[in-house]
Structures are given as C-alpha cells and as structure tokens.
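The values are calculated or read from the model by the stated rules, or taken from the named source; none is laboratory data. None of these values were measured; they are calculated from a predicted model. Cβ placement follows ideal geometry from the backbone for every residue including glycine, while neighbour counts extend to all protein chains displayed. All accessible areas refer to the heavy atoms of the entire protein, side chains included, with ligands and DNA or RNA removed. Shrake-Rupley method; radii C 1.70, N 1.55, O 1.52, S 1.80 Å.
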Amino acid sequence: MTDHPSTYKGGTPEGSGIDWDDRATLHRVDDGGGLLDGAKALRDGTFADLIKHIMLMPEDSRAEYCIQKAGDRRFDYPEIAALYAGEDFPRDE
C-alpha cells in the first residue's frame, strides 16, 4: 500500500489514476466522524478490498457504509458502486 499523500508536491503523477492499493477504512455512514474517527473504523485494508467487501454485502444494506480513503477522502455507496463497475477496477486480485 502506498504511504504518501495523493497530492505530493501539489501535482499529479503521469499516468495516475485511482490507487487501488491505497490504505482505506470501512465506516458506518452515521458514525459521526470527528476527532476519534479512526477508532470507529469497522475494517481496514486496501481501497479495492473494501469496495469488494461492500459489494458482497446484501444490496439493501450497502448504503449504510462508506469508505474513508487515505488523505481523508470519503466515498459513499453511489460512488463505490460506480468505481466497482468501472473497467479499471481490479477484479482478479
């Protein structure tokens, strides 16, 4: 997993896209965030693994969860579903 901020030196590296191996945590949408947000994480792993985890959940409960990606970027279910459906999503890893 990468360990550098996504805006290193304020630029975007050539050929950059989504870093599927970036660190991420799974949260309930209603966990309140705040100072102890990291302690409220239900699961951690790579961004791709957490997307796969949410997509394996029953469809009616997926919207109850979000992914917090390194750099404090939050992804809610509609965006997670769109990333999962994308051609560049790593399916066979």
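Before moving on, here are some points about what is shown:
- Simple label model, 7 Å out from Cα along Cβ direction - Asp30 to Asp72, nm: 2.5
- Heavy-atom accessible area for Asp60, with the other protein chains in place and a 1.4 Å probe, reaches approximately 130 Å².
- The order of His27, His53 by accessible area, most exposed first and with a 1.4 Å probe, is His53, His27.
- The residues of the stretch 41-93 expose on average 61 square angstrom of accessible surface per residue, using a 1.4 Å probe on protein heavy atoms.
- Residue-by-residue Karplus 3J(HN,Hα) for the stretch 43-55, coefficients 6.51, -1.76, 1.60, Hz, glycine and proline x: 6, 10, x, 7, 4, 4, 5, 6, 4, 4, 4, 5, 6
- Theoretical gain in end-to-end length, Asp44 to Leu56 [0.36 nm per residue, Cα-Cα removed]: 2.7 nm
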